[in-house]
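A short reminder: the numbers here are calculations on the coordinates, not readings from a lab. All values reported here derive from a predicted model rather than from experimental measurement. Glycine also receives a Cβ, built like all others from the backbone with ideal geometry; neighbour counts cover every protein chain displayed.
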Amino acid sequence: MPNRVIIGSQWGDEGKAKVVDFLTLDADIIIRFQGGANAGHTVKVDDQEFVFHLIPSGIMHKEKVCIIGNGVVIDPRQILIEIADLAKKGITPDGRLFIADNAHVVLPWHIAMDKLKEKKAGKDAIGTTGRGIGPCYSDKVNRHGVRVGDLLDERELRPRIEAIAGFRNQEFDLMYGAPPIDPEQVIAEFLELGRAIAPFVVDLAEMLHGMRKQNKRFIFEGAQGTILDVDHGTYPFVTSSNTVAGSACCGSGLGPTLIDQVVGVVKAYTTRVGNGPFPTELDNAIGENLRKIGGEFGATTGRARRCGWFDAPVVRKAAIVNGLTHLAMTKLDVLDSFEEILVCTHYLVDGVAQQTMPSQLSKVGRCQPVYEKLPGWMADTTKCRSWNELPLNARSYLKRIEELVDVKIGMISVGAKRDESIIIDLD
Ligand code: GDP
Ligand code: IMO
Ligand code: MG
């Protein structure tokens, strides 16, 4: 099996976890490389459902190794919650879950700051998940963050926490009138958390080098989606990390020569959770229908996801900035009862055709989607397990999307469960 990066090609929640869990059958090691507990990755196996925020979605396969790479921002409390949830269902990550000692830690100041900033922004809020992601990444880049390895040694942790407390508490008071957070309490709590996660913490570089030498097969599990990327997305309505495939290398410590394929996960339609532009949004009964049939409610915050038609300029942009080799199309079954289906082929901006999602927010706001109407298939696809079993109109829909985006569809998902999948060509 090739080494694969699996990333979201829209605004997140494309069904990445379903695809990762399925493709893990052929892999040895699954690595998360960016984002944090803002991610909500749902895996359904038989009648069990798990939502992972930090632990890679491959963990359900009992013999596979899962790694949380240096590019992830880690809330250790969340990891412990996920480990406890897994234990309740008889799955133990002992000896096969590893956390990079140089990954940054989400601290109570980060979570508080995320919420304070959003509240103050009012109608201009980004609609974050409130998980402290932006403030944690800014402290990382500002070079005064706390890393996982620091939690294992008070001599490292204490001065860093005291420094952060010094300026963050002042900021809380002056800018938000918010009460300070006691650094002593944070030190005590995070040393305790450090002891709890210590068995999983490793210096990854050498371990990954060894795995590479043994020809282990890797899956890099992306979080969020391309149009939430801090550089390539609808800035500032984005997350605070690079979500694109290139980030897999920086966020894991594995070089680009290892990567054979980049699989872009796409929903058969489009969703977005949080604020910001969304050209094909359906603020009407059709959008509500998509939400209802697709169960489009956030796996992290429970918020209703905004729904719209498939947007080719969005996925075309993803194809370019990620170098996609394949698409994995999910949730085709959600369209089973639609008599007609619209696809946005391109935008018009001030009367001029635009083929990809632009980067300037003002330009995105002026994008008028141009639609093509395709006939629905009005048949159940959830039992289909091969291309030929799919209804003719569903095949035409898929072919048209391939043509518009110019990337072949390697896999189709027709239900949330592992076996509700069709492999077309993942070579
Ligand atoms: P992720 O963040 O990209 O991993 O996606 P989420 O887990 O946030 O959201 C995807 C939702 O769709 C989850 O509830 C999945 O169980 C579900 N899902 C995934 N693939 C399919 C599919 O092909 N059909 C249907 N009906 N549901 C799916
Ligand atoms: P997965 O991995 C969908 C969105 C938030 C908000 C913006 C910034 O499950 O696909 P943040 O908390 O990251 O600062 O919020 O990004 N967002 C997601 N939307 N799926 C996600 O993850 C998301 N993670 C963040 O809703 O609009
Ligand atoms: Mg999600």
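Structure notes:
- Extended-chain gain in nm, criterion 0.36 nm per residue less alpha-carbon gap, residue 301 and residue 198: 34.2 nm
- Positive-end residue, the chain charge dipole about Cα centroid, Cβ charges, pick of 309, 278, 369: 369
- Of the two radii for segment 266-423, the radius of gyration is 0.95 times the Kirkwood radius, both from the alpha carbons; that is the Rg over Rh value.
- Sorted by Cβ neighbour density within 10 Å, fewest at the top, the residues 191, 204, 23: 191, 204, 23
- With respect to the chain, whose longest principal axis is taken over its alpha-carbon atoms, helix 312-322 is tilted by about 50°.
- A Förster distance of 35 Å, applied to the separation of the beta-carbon atoms of residue 353 and residue 205, puts the FRET efficiency at 0.15.
- When +1 charges are put on Lys and Arg Cβ atoms and -1 charges on Asp and Glu Cβ atoms, the dipole computed for segment 104-196 relative to its Cα centre reaches about 400 debye.
- Top of 247, 57, 362 by mean-square fluctuation, Gaussian network on the chain, Cα under 10 Å: 362
- Alpha-carbon Debye profile of the chain, log10 I(q)/I(0) at 0.09, 0.12 Å⁻¹: -0.55, -0.97
- Listed from fewest to most Cβ neighbours within 10 Å, the set 53, 144, 41 follows the order 144, 53, 41.
- Computed from the Cβ-Cβ distance with R0 of 25 Å, the FRET efficiency linking residue 423 to residue 293 stands at 0.55.
- Each of 234, 301 was scored by other Cβ atoms within 10 Å of its Cβ. Listed from fewest to most, they are 301, 234.
- Label-to-label distance, residue 363 versus residue 51, with points set 7 angstrom from Cα along the beta-carbon direction: 3.6 nm.
- Distance violations [Cα-Cα > 30 Å] among 115/373; 317/373; 18/399; 88/140; 89/216: 115/373; 88/140
- Extension gain for residue 387 to residue 370 (0.36 nm times residue separation, less C-alpha to C-alpha distance): 3.3 nm.
- Springs join every pair of Cα atoms under 10 Å in this Gaussian network model of the chain, and among 19, 73, 201 the largest mean-square fluctuation is at 201.
- Sites residue 188 and residue 101 - FRET efficiency at Förster radius 25 Å, r taken between beta-carbons, to 0.05: 0.75
- Compared with the rule-of-thumb size 2.2 N^0.38 Å for a compact globular protein, segment 16-79 has a Cα radius of gyration ratio of 1.05.
- Choice from 202, 263, 43 with maximal GNM fluctuation in the chain (Cα, 10 Å cutoff): 202
- Rounded to the nearest 10 degrees, the angle from helix 392-405 to the longest Cα principal axis of the chain is 60 degrees.
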